[in-house]
Amino acid sequence: MERLLIRIAKPLVFGLALTPFFWLLWRLWTQDLGANPIEELSHRSGDWALRMLLLTLTVTPLRLVTGWVGVMRFRRMLGLFAFFYALLHALVWLLLDQGLNWEAILEDLAKRPYIMLGFSALVLMLPLALTSTRGLMRRLGRRWQTLHRLVYAIAILGVLHYLWLVKADIREPLIYALVLMLLLGVRLWPKVRTAWRAWNPALFPQGVEISSKRP
Amino acid sequence: MLIRKPDPITAAEITDPELWKQRRHFLRASLVSAGGLLLASQVAARQAGETIPGVSKSPFSTEEKPTSFEDITSYNNFYELGSDKQAPAKNAHFLKPRPWTIKVDGACNAPGEIGIEDILKRFPQEERIYRLRCVEAWAMVIPWVGFPLGALLQRFEPRASAKYVAFTSLYDPEQMPEQRRPILDWPYREGLRLDEAMHPLCILATGLYGEILPNQNGAPLRLVVPWKYGFKSIKSIVAIRFTEQQPLTTWSQLSPDEYGFYANVNPAVDHPRWSQKSHRVIGAGLFAPKRPTQPFNGYAEQVAGLYAGLDLQRNF
């Protein structure tokens, strides 16, 4: 049953994750990207890179909350889609926005903090994408996990990149920041709780503390 | 006065006029069919889409081909109607630009009020095809209809003590729904030095493409200062005041190191977060390279004299 679900759900999620890409292509083809198509392509690909990244970070908390281990099978796919949209976002910037004007590109990279943040996020994603195969995962063992903790830094860089470029109305980037804080907070919460109890054991009855200890 | 010849423009960048006319027909048709209610409430007043009679040509116009009507009216920075570029066109129906009165006071001998229909009647309307350079590094060419700001200011007899002119946009969350949220310090405020305001290039616009100004472009009356970044050209003006002190302006109040009082287009002074050396021309196509930005947006010959002796790096 679980197998069957995965066999159907995986291609479904794959298709869904590609929908924004094909939607952008369709709008490009039908010239429906508005007055500033380059900006539109750039903003929408950036949106989806961030959304995929946040979805990737939702997988583990979802497993903890629902107890459904099967959800882990979507993590790599979502992570790779985050990389896909981030790469698309960078290519729109390099090829269409800057027109491969290397002088301008290097100047922007050096002088504009928000571009530097976004670019670092992309560069950090590269090793994660390259080591995402099952073989390398097995071969790297514990080191794989350490390496892939980079995803937290990448997400923070990505959200700051968005927050920093907005002129005045920061509502949207703030929503991403809040979701990210929530997703990171969920991971930190058990550690915070343990630390707090260790620091002030008097507040907690003995039995509860022992039973809450994590392996 | 010397009129600078504009840079040549390639054929690929020009929108076929037939194309934008078709789009306008489509836009108007959909407005008419969807806007029955709107029409009922605005019978007597002139509205967007109506031709402004007796518009004369101006030697101040650039020979560059105007951006399409569709792009000019669907890609707007007008935060009162929404902070993304498409929102002002969608929310344009909230704004009721008729009837409309502009109050003029401060350091002048004849303070008073003037209605928008009166303005259209009293001041000969000209077509001014101007480049518009947004601080966000994009640009358009817009065939405004309007008249020199100086002509209106003189009517109210500014005193010798008047050094600046302060402008205020409408504050009315019913008509400008985004004013319910504190994105900017509402109402929007802008200002010019009096000599800038009196410069013949500086106009108040009442229309574009020969027609009454669409709401999303700042109806019924907006400032156009073609040598300054677009945010100086305040929309939907309700008050003008002559002042002795430099007035507060909305964007420089929000972020003084990013937006100055002068805000003259200047490729040599970058915005702290992006370059101002070049800009994207709206409507030029996906693969058109950015174009180099000119000092004072290409109007240096006419206006650079206003800033003789002023450090433009510091007074950005």
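From the Cα gyration tensor of chain B, with a ≥ b ≥ c the square roots of its eigenvalues, which class applies: rounded if a/c is under 1.5, or else prolate if a/b is larger than b/c, or else oblate?
Rounded, because the longest to shortest axis ratio a/c is under 1.5.
What Kirkwood radius, in Å to one decimal, follows from the Cα pairs of the range A:63-166?
15.3 Å
What's the magnitude of the charge dipole for the range A:2-188 around its Cα centre, counting Lys and Arg as +1 and Asp and Glu as -1 at the beta-carbon? Answer in Debye, nearest 20.
1380 debye
Within the range A:107-191, list the trypsin sites (Lys or Arg not before Pro) lying in a DSSP loop whose Cβ has at most 16 other Cβ atoms in a 10 Å radius.
For trypsin sites (Lys or Arg not before Pro) across the range A:107-191 that sit outside H, G, I, E and B with at most 16 neighbouring Cβ atoms in 10 Å, the list reads A:R149.
Among residues other than B:R155 whose Cβ falls under 12 Å from its Cβ, what is the net charge (Lys/Arg +1, Asp/Glu -1)?
Details: positive: B:R122; negative: B:E113, B:D118, B:E157.
Summing Lys/Arg as +1 and Asp/Glu as -1 gives -2.
With a cut-off of 8 Å between alpha carbons and a minimum separation of six or more residues, what is the relative contact order of the range A:2-188 in percent?
It rounds to 21 percent for the range A:2-188.
Let me have the 222 nm mean residue ellipticity of the protein assembly as shown computed from DSSP H runs of 4+ only, each contributing -39500 (n - 2.57), with the sum over all residues rounded to the nearest 500.
-13500 deg cm²/dmol
Put a dot 7 Å past each Cα toward the Cβ at A:L163 and A:T131; how far apart are the dots in nm?
Between A:T131 and A:L163, the label points sit 2.7 nm apart.
What are the DSSP H helices in chain A that stretch 27 Å or more along their long axis, judged by alpha-carbon atoms, and whose average Kyte-Doolittle hydropathy comes to at least -1.0?
Span-like helices, by this rule, are A:2-29, A:37-66, A:171-199.
Given R₀ = 45 Å, FRET efficiency for B:E113-A:V69 by Cβ-Cβ distance, to 0.05?
The value I calculate is 0.05.
Taking amide hydrogens as modeled 1.01 Å from N in the peptide plane, which residues meet the under 5 Å criterion relative to B:L132, leaving out close sequence neighbours?
Amide H to amide H, under 5 Å and 5 or more residues apart or across chains, B:L132 pairs with B:M140, B:V141, B:I142.
Checking the table B:K90/B:K163; B:K57/B:K103; A:K111/B:K85 against a 32 Å threshold on Cα-Cα, which pairs fail?
Details: B:K90/B:K163 38 Å; B:K57/B:K103 29 Å; A:K111/B:K85 26 Å.
Cα-Cα > 32 Å for B:K90/B:K163; rest within.
For the protein assembly as shown, what percent of Cα pairs sit more than 39 Å apart?
It works out to 37 percent of all Cα pairs.
Each reported figure results from applying straightforward, stated rules to the coordinates on display, with no laboratory input. Since this is a predicted model, take the numbers as computed values, not measurements. Note that we place each Cβ from the backbone using ideal geometry, even for glycine, and neighbour counts take in every protein chain shown.
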